[in-house]
Amino acid sequence: MVSIQGQIVVITGASSGIGAACAQIFAREGAALILAARRQEKLEAIAAELQTTYQSQIHVLEMDVCDRAAVESALIALPEPWSQVDILVNNAGLSRGLDKLQEGDIQNWEEMIDTNVKGLLYVTRAVLPGMVERRRGHVINIGSVAGHQNYPGGNVYCATKAAVRALSEGLKMDLLGTPIRVSSVDPGLVETEFSQVRFRGDLEKASKVYQGMTPLTPEDIAEIVVFCATRPPHVNISELLVLATDQSSATMVNRQS
Ligand code: NDP
Ligand code: 8X3
């Protein structure tokens, strides 16, 4: 394991779920963190906890990844000593609804595409030139099993995650000849706020997604993200599909009840 002590890590969507768990594990390993999301109060609470537990250096960014101008002004002009980003974790993302495409809500589609695809691109475009210039960096995208396989009603969400997969592959090609690494960590079912967001706060519907099976935890994924970041510089983990033992594909889940 290569130390990431003192490295500057940007995590988008750090206010909840996988992003918040990544903040925990990167902090444990001594990284300095730029935590970005829209809910600043959640970020502040996470930052306070990590500062107490690990004496972490943390910069909180209230940022909507869909807001291109805000992303550019926040990330291109990062204050010192935060400007030289070593690791970017593109985690911010969401699903909305599970409707058949022919009945789909176009606003939901826009939100998923704007966040999962365009937001990831805006953030990457802002951070990557500095990495290329410094000849140092690692982009870790959070994809999904949904980018490998579709499921009924997944249509646009699955398409956005297939796009993330394509962008990870394309980015690795574009960066060939530089020391910058690109990884895609693609989980199956992870119990987070994800399904609550998908079903707009319907907790009963959300909890049914994980009913009778043992899902992955956000920490399971965060440990894997940090594993990717701590390999020796000549090792690039390009893609990891990570499923719960109770899940064998996007549509096949072993449930006891
Ligand atoms: P959560 O809903 O718990 O977390 C999503 C995070 O994304 C929140 O911190 C949220 O912060 C942030 N976010 C959403 N929209 C924006 C935005 N416009 N700008 C900035 N931040 C935003 O879900 P997960 O932790 O599960 O999701 C994290 C990633 O993992 C997503 O990309 C998701 O697609 C992916 N994933 C999730 C799986 C699962 O089963 N849970 C499986 C496979 C992949 P805030 O609301 O404060 O802005
Ligand atoms: C999240 C996993 O299967 O709920 O990307 O879409 S799934």
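So here's what we get for this one:
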read-out: Selected residue [part of a loop (DSSP other than H, G, I, E, B) and either within 23 Å of A14 (Cα to Cα) or at pLDDT 95 or above (or both)] from G130, G119, G153; value: G153
read-out: Subset of the stretch 1-25 [surrounded by 24 or more Cβ atoms within 10 Å (Cβ to Cβ) and not hydrophobic (A, V, I, L, M, F, W, C)]; value: T12, G13, S15, G19
read-out: Count of residues meeting criterion [of a type outside the set (S, T, N, Q) and assigned to a helix (DSSP H, G or I)] in the stretch 29-63; value: 11
read-out: Single condition V71 does not satisfy, out of (1) out of contact with any Gly (no Cβ under 8 Å at 6 or more places or on another chain); (2) closer than 23 Å to L128 by Cα; value: (1)
read-out: Qualifying positions in the stretch 1-51 - more than 16 Å from ligand 2 (Cβ to nearest atom), β-branched (V, I, T) and farther than 20 Å from P81 by Cα; value: V2, I25, I46
read-out: So E44, is it over 17 Å from the mean Cα position of the chain (by Cα) and more than 25 Å from I237 (Cα to Cα); value: yes
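For every residue, the table says whether it meets (1) closer than 14 Å to G97 by Cα; (2) not in a loop (DSSP other than H, G, I, E, B).
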| residue | (1), (2) |
| --- | --- |
| V197 | yes, yes |
| R200 | yes, no |
| E204 | no, yes |
| S207 | no, yes |
| M213 | no, no |
| D220 | no, yes |
| V225 | no, yes |
| C228 | no, yes |
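The values are calculated or read from the model by the stated rules, or taken from the named source; none is laboratory data. None of the values given here were measured: they were computed from a predicted structure. With ideal geometry, Cβ positions are generated from the backbone for all residues, glycine too; neighbour counts draw on all protein chains shown.
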